[in-house]
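Quick notes on the structure that follows.
The values are calculated or read from the model by the stated rules, or taken from the named source; none is laboratory data. A quick note: this is a predicted structure, and the numbers were derived from the prediction, not measured. Cβ: placed from backbone, ideal geometry, glycine included. Neighbour counts: every protein chain shown. Quick note on the areas: whole protein, heavy atoms, side chains included, nothing else; ligands and nucleic acids left out. Shrake-Rupley method; radii C 1.70, N 1.55, O 1.52, S 1.80 Å.
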Amino acid sequence: MLAVATLALTGAIGAVSTTTAPAAEAAPGMVRVISHNIAKKPEALTKVIQKSKSDRFPGAEVVFLQEVCQSMLPRIEEKLGKASFHIRRDNQSDCSDNVIGEVVVYTDKNARVERDAVDFNVEGEDQNYGMACLNFSYAGRSTRACSTHLASGDGPAKNAMRLASTKVIRDKARAWNKDLILVAGDFNREPMARAMDYVYGVGPDARGDFREITQSATGNEARTGRFTIGKVKKNTDRKVDYIFGWKGHTRVNGGWVKTEFTPSNHRMLFGGVPLR
């Protein structure tokens, strides 16, 4: 397994039916979120920044990004907020500094945050898969938000890696003493895949503790959602990107979710997670 360190940033770095997105400030008891695998593309990051600042989706509080080149971090902190970065590999040839990883951002630039990370350390990993995490206070709630990217590829070995990774997510989250836990990212598997059993806390075969944003948007427990990757014309669309909130912290309905095309091969996933 690639042995790399986790970089802790400082603030001084230089198709389903859903409810309609609100046009003004989020109602109390809701957190606005964006998750996007930007595929190392600055233009996709631009779309995230624009979405977060747009009048129709004002001010996402938490942003989860995957496949981020380390060289993008100054722009992320300047334009979005306080970020934590987890290095996945340091031999990424299409990043200018060869370093790629995942990022989570809290957009309140005046907030106190604690940067942290989780390494999955599961058998068979050829990269440092894990999660970039931030601890902060949101609406009086002690909050932990983490951005992740699971192993890609097919076959028994890759399936076993993803299964082991989601078990780590579940077990770590159960040990976190927080009033709100959010985990989002590219899980590289569709909703009904066995590896996703250990994240979903509601719905068929659920063995985890989270409610996915689509479930809060539709008010039911189906494991489904808007497509987030694939080509429409080739009928390869599927959902592999998710936004999860701890089920004890989120309501069963009252949320909303949308997707949007960007220059990435993934679609931006965004919406509102309703809180208890």
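Using only helices, what value at 222 nm comes out for the chain when you add -39,500 (n - 2.57) per DSSP H run of length 4 or more and divide by the total residues, to the nearest 500 deg cm²/dmol? Please report the intermediate quantities before stating the final value.
Values: 4 runs with 45 residues, N = 276.
For the chain, the value works out to -5000 deg cm²/dmol.
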* Asked: If we sort 94-104, 233-243, 156-166 on the protection proxy, mean other Cβ atoms within 10 Å, highest first, what's the order?
  -> 94-104, 156-166, 233-243
* Over the chain, average the accessible area per residue using a 1.4 Å probe and give it in Å², no decimals. => 41
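Do you know the relative contact order of segment 92-219, to the nearest whole percent, from alpha carbon pairs under 8 angstrom that are 6+ apart?
On the way: 195 pairs, mean separation 22.9, N = 128.
The value is 18 percent.
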* In nm, to one decimal, how far is the Lys233 label point from the Thr46 one, both placed 7 Å along Cα→Cβ? -> 2.3
* Structure fact -> Counting Lys and Arg as +1 and Asp and Glu as -1 over every other residue whose Cβ sits under 13 Å from the Cβ of Val63, the net charge comes to +4
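Fully extended, how many nm does the chain gain between Lys109 and Phe261 (0.36 nm per residue separation, minus their Cα-Cα distance)? Don't jump to the answer; show the numbers that get you there.
On the way: separation 152, 0.36 × 152 = 54.72 nm, distance 2.75 nm.
Length gained, Lys109 through Phe261: 52.0 nm.
All other residues with a Cβ under 11 Å from the Cβ of Lys231 taken together, and with Lys, Arg as +1 and Asp, Glu as -1, what is their net charge? Intermediate values should be presented prior to the final figure.
Working: positive: Lys233, Lys234, Arg238; negative: Asp237.
My count for the surroundings of Lys231 gives +2.
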* Please give the FRET efficiency for Ser96 paired with Ala193, using the beta carbon to beta carbon distance and R0 = 22 Å, rounded to the nearest 0.05. => 0.05
* Label assignment, P(r) over Cα pairs in 10 Å bins from 0, in percent derived from the structure, set (1) 7, 25, 30, 22, 11, 4, 1, 0; (2) 7, 32, 40, 18, 2; (3) 6, 25, 35, 21, 10, 2, 0 -> (2)
* Three-way shape label, segment 52-211, alpha-carbon gyration tensor, a/c 1.5 -> oblate
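Based only on the alpha carbon positions, what is the Kirkwood hydrodynamic radius of segment 176-236, in angstrom?
Numbers: mean 1/r = 0.0778 Å⁻¹.
Mean inverse Cα-Cα distance, inverted, gives 12.8 Å.
Give me the percent of the accessible area of the chain that comes from carbon and sulfur atoms, probe 1.4 Å, all protein chains in place.
The C+S portion of the solvent-accessible surface of the chain is 46 percent.
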* To do: Any chance you could look up the accessible area of Trp176 with a 1.4 Å probe, heavy atoms only, rounded to 10 Å²?
  => 50
